[in-house]
Amino acid sequence: MKKKNIKLILASGSPRRIELLKLLGCKFKVIPSLIEEKINPRLSPIKNVKRISRLKALDVASKISEGIVIAADTIVVLDKRILGKPKNKKEARGMLKSLSGKVHKVITGLAIIDAKTKKILQDVVITKVKLRHLNKNLIDKYIASGEPLDKAGAYAIQGKASLFVESIRGDYFNIVGLPLSALNRLLEKLR
């Protein structure tokens, strides 16, 4: 994944994305994008994550002269309905109730851009997740933990919600927020 003398820049302050890049032993700098992650209801979920991840990458690349910018946007989709980050506990409760016992998709748009050449590459990764049936008590306890309030779909698979997951079909790291295998393929193509 490493490219000699090329610095990597993560266009996100997400602790989960930072931790995943650290796991790979990558040296990188964090410059969070200031782009608002606003869903366009006229676009499909895939087009939304592609658009937002591209905007994030371009935003950060415009502020530097060289380096490879990595940007991602992750959403949860249930029956064509996009579940973003809940605004409050009530919204988190509704999301978790709707996901209970059902299969949903976690979709991440990836964009990388060479700030010097402006070459940009993109990919989209989809993982299917089935949560077990969640009763009211379990949902209330989880919400009380505070964990679901800044997560797409109101759950963190790498946290307490790991106990809710019945099955996964696809890339686990995609659910966490940064599909590492797809990212590696994009970085190799950019060389």
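The values are calculated or read from the model by the stated rules, or taken from the named source; none is laboratory data. Given the structure is predicted, the values throughout are model-derived calculations rather than measurements. Because the Cβ atoms are built from the backbone with ideal geometry, glycine has one as well, and the counts that use them run over all protein chains shown.
Might you let me know whether region 99-112 holds any residue that is modelled with pLDDT under 95 and in a loop (DSSP other than H, G, I, E, B)? I'd like the intermediate steps shown before the answer.
Looking only at region 99-112, we keep the residues that are modelled with pLDDT under 95, and these are none.
No, region 99-112 has no match at all.
Counting just the residues of region 138-184 that are modelled with pLDDT under 95 and basic (Lys, Arg), which one comes out farthest from the chain's Cα centre (by Cα)?
Among those that are modelled with pLDDT under 95 and basic (Lys, Arg), it is LYS160.
Return the residues of region 1-38 that are under 16 Å from GLY109 (Cα atoms), in contact with a strand residue (DSSP E or B) (Cβ under 7 Å, 6 or more places away or on another chain) and at pLDDT 90 or above; say none if nothing qualifies.
Across region 1-38, the qualifying residues are LEU10, ALA11, SER12, ARG17, SER33.
Residue-wise test of (1) under 20 Å from LYS50 (Cβ atoms); (2) touching a strand residue (DSSP E or B) at 6+ places or on another chain (Cβ under 6 Å); (3) assigned to a helix (DSSP H, G or I); (4) hydroxyl-bearing (Ser, Thr, Tyr).
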site	(1), (2), (3), (4)
GLN158	no, no, no, no
ILE168	no, yes, no, no
PHE173	yes, no, yes, no
SER181	yes, no, yes, yes
LEU186	yes, yes, yes, no
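Scan region 66-102 for residues that are closer than 30 Å to PHE28 by Cβ and exposed (fewer than 15 other Cβ atoms within 10 Å of the Cβ) and jot them down.
Initial filter on region 66-102 (closer than 30 Å to PHE28 by Cβ): 66-77, 82-86.
Hit for region 66-102 is GLU66, nothing else.
Suppose the filter is within 20 Å of TYR155 (Cβ to Cβ), assigned to a loop (DSSP other than H, G, I, E, B) and over 14 Å from the mean Cα position of the chain (by Cα); does PRO41 pass it? Don't jump to the end; show me each part of the working.
Working: within 20 Å of TYR155 (Cβ to Cβ): no; assigned to a loop (DSSP other than H, G, I, E, B): yes; over 14 Å from the mean Cα position of the chain (by Cα): yes.
It is false that PRO41 is within 20 Å of TYR155 (Cβ to Cβ), assigned to a loop (DSSP other than H, G, I, E, B) and over 14 Å from the mean Cα position of the chain (by Cα).
In region 130-144, which residues are closer than 11 Å to PHE164 by Cβ and surrounded by 15 or more Cβ atoms within 10 Å (Cβ to Cβ)?
LYS130, LEU131, LEU134, LEU138, ILE139, TYR142
Out of region 157-180, which residues are touching a residue at least 40 places away in the same chain (Cβ under 8 Å) and either buried (at least 19 other Cβ atoms within 10 Å of the Cβ) or within 13 Å of LEU110 (Cα to Cα) (or both)?
PHE173, ASN174, ILE175, VAL176, GLY177, LEU178, PRO179, LEU180
What pairs come out if I take residues in region 67-86 that are touching a residue at least 12 places away in the same chain (Cβ under 8 Å) and pair them with residues that are outside any loop (DSSP other than H, G, I, E, B) and of a type in the set (Asp, Glu) whose C-beta lies under 7 Å away, six or more apart or interchain?
From region 67-86, the pairs are ILE68/ASP114; LYS85/ASP150.
Could you grab the pairs with beta carbons closer than 6 Å, sequence gap of 6+ or different chains, first residue in region 24-44 and over 24 Å from ILE64 (Cβ atoms), second one among the aliphatic types (A, V, I, L, M)?
ILE39/ILE82
Of the numbered conditions (1) buried (at least 20 other Cβ atoms within 10 Å of the Cβ); (2) closer than 13 Å to LEU96 by Cα; (3) in contact (Cβ under 8 Å) with a residue 60 or more places away in the chain, LEU183 satisfies every one except a single condition; which is it?
The number of the failed condition is (2).
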